Amino acid sequence: MPVDTPLPNPIRPAFGPGEREGTTVVNIGPSHPATHGTIQIVAELSGENIVRVDVHCGYLHRGFEKECESHTWHNLIPYVDRLNYCSALINDFAYCDAVEKLMGVEITPRCRYLRTLLAEYSRIADHLTCTAAALMELGAMTAFLYLVTIRDYVYEHLADLTGARVTYSFGRIGGLARDLPDGWLQRLEQILQQYDVFVGRVHGLVDRNRIFIDRMRDVGVLCTAEAINWGFTGPILRSTGVPRDLRKDIPYLAYGELDFEVPVGIKGDNYDRYFVRMREMDESVHMIRQLVARLPSGPINVDDSRCTLPGKHLVYTEIESLINHFKLIVDGPDVPAGEIYSAHEGANGELGFYIVSVGGGVPYKVHVRAPSFVHVGGVHRMLEGYQLADLVPTFGSINMIGGECDR
Amino acid sequence: MAAPVHERIIERWQVAAPGPAVSHGTLALLIAPDQLLDVARSLKLEFGFDLLLDVTAVDWPARDPRFDVVYHFYTTREFVRVRVKTRVPAAAPVVDSLVPLYDAARYAERECHDMYGVEFRGNADLRPILLYEGFVGHPLRKDYPKHREQPLVPYRK
């Protein structure tokens, strides 16, 4: 293609320049250093103030749901990992949980506790990432480094368990890939103690910092009724002052047996979203310590030949197990016909899987109710009426993750 | 087990999907397309289902009507979910938009329109959201081949 041929525009903005007197239309993204994630925001400005915005996502669309329809149930686990790559384990477990419910499989107590523990550990990593990035964009480089230091401890520690730093593929239908290695829980406690030190320093640097408060307080305000109307869930909804959390409201995994609080904000602005995430991490640490103290022994996989691979010693020595192994790998686990909507409290909000099975080893449809997609649909309510410079922290505070938003 | 609000909805609307009315904690309703707005309004105003979680569709190419349009609602007061399904034919896949009731429907309906070509009457903004302007077809329909490519910019040789 000759260089002077104009490239077709992938989007059709809702408004263009020159429609109103005295305003300027600027385009931000899809590749812009301040929008972590590929997102395009067309903004109409009156001076420094944002009059209206038109938000476009989809640049990371890779046909996740289409791809799911031609792979076995187990093969989807690496794909669901890549939805929210900041807390991949939560996606894993939410997906496995939905399939297990369809199959009528009940996971073992140790697996239930380990999944809860790992989900909370991932939530800490996710909130650390979001908060660190938001602070860095406001110039708080030290706070960023403190937070990602802990996140890196968590990543390395999860790599010891799963073999990967970010996308773990660790869930299995009916259990987990493997049990904890020796010494893993001791290292976990060391990291949690380091967490207290580093996050304590960030609290000291940021919470009552005049510059931070001026930038965050009363910016990007959202009220509860509006948040619910636009479908917001998770920390953003809680920052408006309501303790809506699936871990409390519809307890799943081991959450019903744990003692924890649901932190809420006061007025739903950027400062509240920062603080809700910081407090949620403390609650996650509290939960992890309870889970470690009560971790049951026993197997991590259910004894069910419909979904669990037989042990290698059996595969090599008896024909039934060999056939079982091949059937599970080639045909996939046989999930009975039916449909289910099952949701977990992801780090960003309600992460729901709507799954339709017609029987057999391949899903008929997998649809993800991704919190980031819904939040991007309503983020203009938090941007309009504020200054252009507020766009960066406000957008950072919704923690849009391209993988799950665009699928 | 059916939650009390599920029983009240069944009593009020006298409709249920084939099979168990409540499965995995979600009440499933199968309704005619022209009932959709009334049912959604009743769910929101009478029964307190204030959160529209999701809008999607399921394609059954061999069946007439071909598409299920599927909605999930949640109540932040009683913590239960309702799935509302309606069936529309391939010749005229049109349902009423829920935008007058829920602003969350705006993006969700745009995505469903992208992926399945379902028209939402009353949603003025059905521009592509995950796809791009000029994309031909609806990729989540079962007759859209998985490997078809429509690059907006030609691939580099």
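A short reminder: the numbers here are calculations on the coordinates, not readings from a lab. What you are looking at is a predicted structure, and each value in this text was computed from that prediction instead of being measured. Cβ placement follows ideal geometry from the backbone for every residue including glycine, while neighbour counts extend to all protein chains displayed.
Observations, loosely collected:
- Summing charges over neighbours of A:L388, with a neighbour being any other residue whose Cβ is under 11 Å away from its Cβ, gives -3 when K and R count +1 and D and E count -1.
- Karplus-derived HN-Hα couplings along the range A:220-233 (A = 6.51, B = -1.76, C = 1.60, θ = phi - 60°), whole Hz, x at Gly and Pro: x, 6, 9, 8, 4, 4, 5, 4, 5, 4, 8, x, 5, 9
- Partner lysines whose Cα lies under 22 Å from the Cα of B:K142, excluding those fewer than 8 positions away in the same chain, are identified as A:K66, A:K365, B:K85.
- Here's the list of lysines a cross-link from A:K267 could span, going by alpha-carbon distance under 28 Å and ignoring same-chain residues fewer than 8 apart: A:K248, B:K44.
- Averaged over the residues of peptide A:338-345, the number of Cβ atoms from other protein chains lying within 10 Å of each residue's Cβ is 5.
- Rg over Rh [alpha-carbon atoms, Kirkwood Rh] for the range B:4-121: 0.94
- ³J(HN,Hα) computed for each position of the range B:64-72 - Karplus, 6.51 cos²θ - 1.76 cosθ + 1.60, integer Hz, glycine/proline x: 10, x, 7, 10, 8, 9, 10, 10, 10
- Shielding of peptide B:54-62 by partners, expressed as the average count of other chain Cβ atoms within 10 Å per residue Cβ, is 4.
- Remark on the range A:157-295: ratio of C-alpha radius of gyration to 2.2 N^0.38 Å is 1.24.
- Order of B:C112, A:C223 under a 10 Å beta carbon neighbour criterion, fewest first: A:C223, B:C112
- Rg(Cα) / (2.2 N^0.38 Å) computed for the range A:252-407, rounded to two decimals: 1.46
- Relative to the Cα centre, the charge distribution of chain A, modelled as +1 at Lys and Arg Cβ and -1 at Asp and Glu Cβ, gives a dipole magnitude of about 240 debye.
- Comparing B:A92, B:A62, B:A32 in a Gaussian network model of chain B, where Cα atoms under 10 Å apart are tied by springs, the biggest mean-square fluctuation is seen for B:A62.
- Springs join every pair of Cα atoms under 10 Å in this Gaussian network model of chain A, and among A:I319, A:I150, A:I50 the largest mean-square fluctuation is at A:I319.
- Going by neighbour counts of Cβ atoms within 10 Å, the residues A:E257, A:E404 line up, fewest first, as A:E257, A:E404.
- Kirkwood-type radius of chain A, with distances r between different C-alpha atoms, in Å: 22.5
- Once backbone amide H atoms are built at 1.01 Å from N, A:R52 has A:E44 as its partners under 5 Å, excluding neighbours fewer than 5 places away on the same chain.
- Calculated FRET efficiency, A:Q194 to A:S305, Cβ-Cβ distance, R0 = 41 Å: about 0.45 to the nearest 0.05.
- Candidate lysines for bridging to A:K327, where Cα separation is under 18 Å - those fewer than 8 sequence places away on the same chain excluded: A:K312
- Evaluated with a Cβ-only charge set (Lys, Arg +1; Asp, Glu -1), the range B:4-121 carries a dipole of roughly 160 debye about its Cα centre, given to the nearest 20.
- Peptides A:229-239, A:8-18, B:97-107, A:266-276 ranked from most to least packed give A:229-239, A:266-276, B:97-107, A:8-18, packing being the mean of other C-beta atoms within 10 angstrom over each peptide's residues.
- Within the listed set A:V362, A:V302, A:V206, the Gaussian network model of chain A (springs between alpha-carbon atoms below 10 Å) gives the highest mean-square fluctuation for A:V206.
- Spatially, the range B:108-157 and the range A:162-232 are offset by 35 Å when compared through their Cα centroids.
- Taking other residues whose beta carbon is less than 9 angstrom from the beta carbon of A:S284, and scoring Lys, Arg as +1 and Asp, Glu as -1, yields -3.
- Between helix A:184-206 and chain A: long-axis angle, C-alpha atoms, 0 to 90°, nearest 10: 10
- Neighbour counts of other Cβ atoms within 10 Å put B:Y71, A:Y252 in the fewest-to-most order A:Y252, B:Y71.
- Residue-by-residue Karplus 3J(HN,Hα) for the range B:97-111, coefficients 6.51, -1.76, 1.60, Hz, glycine and proline x: 6, 9, 4, x, 9, 9, 6, 4, 5, 4, 5, 4, 6, 4, 5
- Folded to 0 to 90 degrees: helix A:109-137 orientation relative to chain A principal axis, Cα: 20
- Summed side-chain charge close to B:P128 - residues other than B:P128 whose Cβ falls under 10 Å, Lys, Arg +1, Asp, Glu -1: 0
- Amide H contacts of A:R369: A:G352, A:F353, A:Y354, each under 5 Å away and 5 or more positions distant or on a separate chain (H built 1.01 Å from N in the peptide plane; Pro and chain starts excluded).
- Relative contact order, percent, chain A [alpha-carbon distance under 8 Å, six or more residues apart]: 25
- Taking every residue in A:372-382 and counting other chain Cβ atoms within 10 Å of its Cβ, the average works out to 3.
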